[in-house]
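Before anything else, here's the structure in question.
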């Protein structure tokens, strides 16, 4: 079988390096070609999996003395995340660079970020998982520090401090697993099979260490304070990738952690309680934001909390609902940040107190943002609706009537966001004059993300038929 995963990484690495010596126009062409090629390969992998029901595994020798190979694998969950990352990155290259400054650097960073995401989501061992994790951290840092807004350095430094802390906690957990499993392996499947032999006290330490690393990245209360500034100050492409893709590094890691360590069944109730607290915190925090990008950031935090709630249910519905929400949320929040970037370029501000009647001069952006809001809150026929249904079946099965509590935070958030959109976007009694027009690239990027949201909402069997629920 053709080595699709290796080919994806190779194309993105070559594209990143090739785009640097050239000017803005050629650099953009290389980025479009590379991200489109990766998206096509992701679609082919999905088609092959649907036809044969098989998963993908590719491996090359790497560091034999440590038993580490360059091994990549992709089942249903990995395919969902690889597909989502490919769509978001392609849309970011097509329409996300509305600021237009430093276009060459931003396109290279998008490809590097996509490389990190596909590598991490398909890693078959924790050695590669950690390597790609840190590549993503580096790409995210420069997206904020070099390409962001006026407060970018403050935001980038806070992001880096939290990221270094999370990386240290993740590395601690990985090393403890390696040394205290009888097989001394980094293999994710091998660790899952042997983790029961790790003493309970050590399992607790490993779980805590990795849990902390993953909630920083998701992010989840209380280790989320890097998020508002990072999402708000990053460039449009940076915000799309940080919220849509980087947050899934933590979510996917959390999914692996709960499926790997037996101790997870003893702490699942506490994880669910933390998820519910975090969801309501995010909802109320969003209601106090006047900046559109900060509001979107807190909605992203809320969705990360819902993902954690589903994972903590430890059943098929919760697990695969969470995986599907990673896909759905990645697409929806990327759409919201893409529209927010256009609004900032159009009107010179993302402060909702200064924006009125956006639909008057920027109809496509206003309705796109509204659709992103409806998708984020689980409108039927969108991918988020399917994911939320699965998650709440799982949480109610696991925790009884308390399992529905996080759903209330989504309702609260949805009501507030619609109120904010109606006041700033749809009412035309007064309207803000635009100083730019939304171009074809932005509308094409809108269309790509919207089509993907509805495709996976109307036809969830594209991924869910690969598992048995």
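The values are calculated or read from the model by the stated rules, or taken from the named source; none is laboratory data. Everything numeric here is computed off the predicted structure, so don't read it as measured data. Here the Cβ is made from the backbone with ideal geometry for all residues, glycine too, and neighbour counts use every protein chain on show.
What's the total number of residues in segment 19-32 that are in a helix (DSSP H, G or I) and in contact (Cβ under 8 Å) with a residue 12 or more places away in the chain? Show your work before the answer.
Filtering segment 19-32 for residues in a helix (DSSP H, G or I) gives 19, 24-32.
Now drop any that are not in contact (Cβ under 8 Å) with a residue 12 or more places away in the chain, which leaves 19, 24, 27-28, 30-32.
The qualifying residues number 7.
Taking the criterion of being modelled with pLDDT under 90, in contact with a strand residue (DSSP E or B) (Cβ under 8 Å, 6 or more places away or on another chain) and either within 26 Å of residue 122 (Cβ to Cβ) or crowded, with 19+ Cβ neighbours inside 10 Å (or both), would at least one residue in segment 275-287 satisfy it?
Scanning segment 275-287, I find no residue that is modelled with pLDDT under 90, in contact with a strand residue (DSSP E or B) (Cβ under 8 Å, 6 or more places away or on another chain) and either within 26 Å of residue 122 (Cβ to Cβ) or crowded, with 19+ Cβ neighbours inside 10 Å (or both), so the answer is no.
If you check residue 91 against the conditions, is it touching a residue at least 60 places away in the same chain (Cβ under 8 Å), buried (at least 23 other Cβ atoms within 10 Å of the Cβ) and outside any strand (DSSP E or B)?
On the way: touching a residue at least 60 places away in the same chain (Cβ under 8 Å): yes; buried (at least 23 other Cβ atoms within 10 Å of the Cβ): yes; outside any strand (DSSP E or B): yes.
In short, yes.
Would you list the helices (runs of 4 or more DSSP H) that sit entirely within segment 197-259 and hold 1 or more residues that are within 17 Å of residue 279 (Cα to Cα) and in contact (Cβ under 8 Å) with a residue 24 or more places away in the chain?
So the answer is 200-217, 227-233.
Given the conditions (1) assigned to a helix (DSSP H, G or I); (2) farther than 22 Å from residue 324 by Cα; (3) in contact with a helix residue (DSSP H, G or I) (Cβ under 6 Å, 6 or more places away or on another chain), report the number of the one that residue 97 does not fulfil.
Of the numbered conditions (1) assigned to a helix (DSSP H, G or I); (2) farther than 22 Å from residue 324 by Cα; (3) in contact with a helix residue (DSSP H, G or I) (Cβ under 6 Å, 6 or more places away or on another chain), the odd one out for residue 97 is (1).
Something else now. Which pairs do you get when a residue that is at negative phi and touching a residue at least 24 places away in the same chain (Cβ under 8 Å), found in segment 52-76, comes within reach of a residue that is assigned to a strand (DSSP E or B) and loosely packed, with under 14 Cβ neighbours inside 10 Å, reach meaning Cβ atoms under 7 angstrom, with the pair 6+ apart or on two chains?
Cβ pairs passing all conditions: 69/60; 69/61; 70/60.
If you check residue 324 against the conditions, is it in a helix (DSSP H, G or I), farther than 30 Å from residue 201 by Cα and touching a helix residue (DSSP H, G or I) at 6+ places or on another chain (Cβ under 9 Å)? Step through it out loud before you land on a result.
On the way: in a helix (DSSP H, G or I): yes; farther than 30 Å from residue 201 by Cα: yes; touching a helix residue (DSSP H, G or I) at 6+ places or on another chain (Cβ under 9 Å): yes.
Considered against the rule, which asks whether it is in a helix (DSSP H, G or I), farther than 30 Å from residue 201 by Cα and touching a helix residue (DSSP H, G or I) at 6+ places or on another chain (Cβ under 9 Å), residue 324 comes out as yes.
Another one. Check 421, 401 and return the single one that is farther than 24 Å from residue 248 by Cα, at pLDDT below 90 and either in contact with a helix residue (DSSP H, G or I) (Cβ under 9 Å, 6 or more places away or on another chain) or not in a helix (DSSP H, G or I) (or both).
One residue alone meets the criteria, 421.
Determine if segment 67-75 includes at least one residue that is closer than 30 Å to residue 103 by Cβ, surrounded by fewer than 20 Cβ atoms within 10 Å (Cβ to Cβ) and either under 23 Å from the mean Cα position of the chain (by Cα) or modelled with pLDDT of 90 or more (or both).
Taking every residue of segment 67-75 in turn, none turns out to be closer than 30 Å to residue 103 by Cβ, surrounded by fewer than 20 Cβ atoms within 10 Å (Cβ to Cβ) and either under 23 Å from the mean Cα position of the chain (by Cα) or modelled with pLDDT of 90 or more (or both).
Report yes if residue 151 is surrounded by fewer than 16 Cβ atoms within 10 Å (Cβ to Cβ), within 30 Å of residue 348 (Cα to Cα) and at pLDDT below 90, otherwise no. Explain how you work it out, then say what you get.
Numbers: surrounded by fewer than 16 Cβ atoms within 10 Å (Cβ to Cβ): yes; within 30 Å of residue 348 (Cα to Cα): yes; at pLDDT below 90: yes.
Taking the combined requirement at face value, the residue satisfies it.
Residues in segment 33-73 that are in a helix (DSSP H, G or I), in contact with a helix residue (DSSP H, G or I) (Cβ under 9 Å, 6 or more places away or on another chain) and closer than 21 Å to residue 130 by Cβ: how many?
1
How many residues are in a loop (DSSP other than H, G, I, E, B) and free of Cβ contacts under 8 Å to residues at least 60 places away in the same chain if we restrict to segment 262-288?
1
Right, next: Name every residue in segment 1-18 that is surrounded by fewer than 23 Cβ atoms within 10 Å (Cβ to Cβ) and part of a helix (DSSP H, G or I), in order of residue number.
Matches in segment 1-18: 4, 6, 7, 9, 10, 11, 13, 14, 16, 17, 18.
Right, another one. Are any of the residues in segment 153-166 free of Cβ contacts under 8 Å to residues at least 24 places away in the same chain, assigned to a helix (DSSP H, G or I), in contact with a strand residue (DSSP E or B) (Cβ under 7 Å, 6 or more places away or on another chain) and under 25 Å from residue 337 (Cβ atoms)?
Within segment 153-166, none of the residues are free of Cβ contacts under 8 Å to residues at least 24 places away in the same chain, assigned to a helix (DSSP H, G or I), in contact with a strand residue (DSSP E or B) (Cβ under 7 Å, 6 or more places away or on another chain) and under 25 Å from residue 337 (Cβ atoms).
Okay, residues lined up against (1) surrounded by fewer than 24 Cβ atoms within 10 Å (Cβ to Cβ); (2) modelled with pLDDT under 85; (3) touching a strand residue (DSSP E or B) at 6+ places or on another chain (Cβ under 7 Å); (4) not in a loop (DSSP other than H, G, I, E, B):
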{"site": "328", "(1), (2), (3), (4)": "no, no, no, yes"}
{"site": "335", "(1), (2), (3), (4)": "no, no, no, yes"}
{"site": "355", "(1), (2), (3), (4)": "yes, yes, no, no"}
{"site": "367", "(1), (2), (3), (4)": "yes, no, no, yes"}
{"site": "372", "(1), (2), (3), (4)": "no, no, no, yes"}
{"site": "379", "(1), (2), (3), (4)": "yes, no, no, no"}
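Have a look at 310, 253 and point out the one that is within 19 Å of residue 388 (Cβ to Cβ) and either crowded, with 23+ Cβ neighbours inside 10 Å or at pLDDT 90 or above (or both).
The match here is 310.
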